[in-house]
Amino acid sequence: MNLSPQDVLLILFVIVCAVTDLKKRKIYNIATFPAIILGLGLNGIYNGFAGLKESALGVLVGFLMLYFFYLGGGIGAGDVKFLMGVGALKGTSFVFQGAICGILLSGIVVIFWMFFHGTLLKSLKNIIFPLFTSAMSGFKVSPLPKTKSPALPFGFYLATGILIYFFYIKFVV
């Protein structure tokens, strides 16, 4: 297995963020900002301007994928910055596909959690109604209703999905 410095940094970054999100329900700036800066720098050093451009676009894709969920109150800012760090390290295609894996994993976990706690139908109503009213108002972002359900560590599941995707493309593809 041939790992680049960006690969090693990605693995360490994702594990640290997964652990802190699982234990403290927080992804810290002390992890995200250095990952963004190092990702931009390493990609610029190893791949020139094209690498720097790809890394910067990865930051933008990571930001755009989660920003509106953050505005709606569904996730925290640390989750957005985490995905920006992944984008800086690995670029646009990786951050998009890795995030999709993490989002799908978190969705599956949440559906099972809600089903076993008897809150699935009520939760679906709480999600569908704001989406409908948002669409009817010209897609103005409406905050999700506050519930008494415990917040699940989205960053942990996002990070797990990204690691699964990383090892899949390294060992299977």
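The table for this structure:
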{"read-out": "Number of the condition not met by Gly62 [criteria: (1) surrounded by fewer than 24 Cβ atoms within 10 Å (Cβ to Cβ); (2) closer than 19 Å to Asn29 by Cβ]", "value": "(1)"}
{"read-out": "Residue match in the stretch 105-116 (condition: touching a helix residue (DSSP H, G or I) at 6+ places or on another chain (Cβ under 7 Å), open to solvent by less than 100 Å² (accessible area, probe 1.4 Å), more than 17 Å from Phe69 (Cβ to Cβ) and at pLDDT 70 or above)", "value": "yes"}
{"read-out": "Top-ranked residue of the stretch 1-41 - restricted to ones that are outside any helix (DSSP H, G or I) and among the hydrophobic types (A, V, I, L, M, F, W, C), ranked as surrounded by the fewest Cβ atoms within 10 Å (Cβ to Cβ)", "value": "Met1"}
{"read-out": "Filtered residues of the stretch 1-33 (kept if within 11 Å of Gly78 (Cβ to Cβ), in contact (Cβ under 8 Å) with a residue 60 or more places away in the chain and touching a helix residue (DSSP H, G or I) at 6+ places or on another chain (Cβ under 6 Å))", "value": "Cys17, Asp21, Ile27"}
{"read-out": "Flag if Ala50 is surrounded by fewer than 23 Cβ atoms within 10 Å (Cβ to Cβ), closer than 19 Å to Phe13 by Cα and free of Cβ contacts under 8 Å to residues at least 12 places away in the same chain", "value": "no"}
{"read-out": "Selected residue (only one of Phe96, Phe154 is modelled with pLDDT of 85 or more, open to solvent by 50 Å² or more (accessible area, probe 1.4 Å) and within 30 Å of Ser4 (Cβ to Cβ))", "value": "Phe96"}
{"read-out": "Which numbered condition Leu64 misses (of (1) touching a Gly at 6+ places or on another chain (Cβ under 9 Å); (2) under 20 Å from Pro34 (Cα atoms))", "value": "(1)"}
{"read-out": "Which listed residue, of Leu64, Leu71, is in contact (Cβ under 8 Å) with a residue 24 or more places away in the chain, within 18 Å of the chain's Cα centre (by Cα) and under 30 Å from Asn126 (Cα atoms)", "value": "Leu71"}
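The values are calculated or read from the model by the stated rules, or taken from the named source; none is laboratory data. None of these values were measured; they are calculated from a predicted model. Counting neighbours? That spans all protein chains shown, and the Cβs are built from the backbone with ideal geometry, glycine included. Heavy atoms of the whole protein, side chains included, go into the accessibility calculation; ligands, DNA and RNA do not. Shrake-Rupley method; radii C 1.70, N 1.55, O 1.52, S 1.80 Å.
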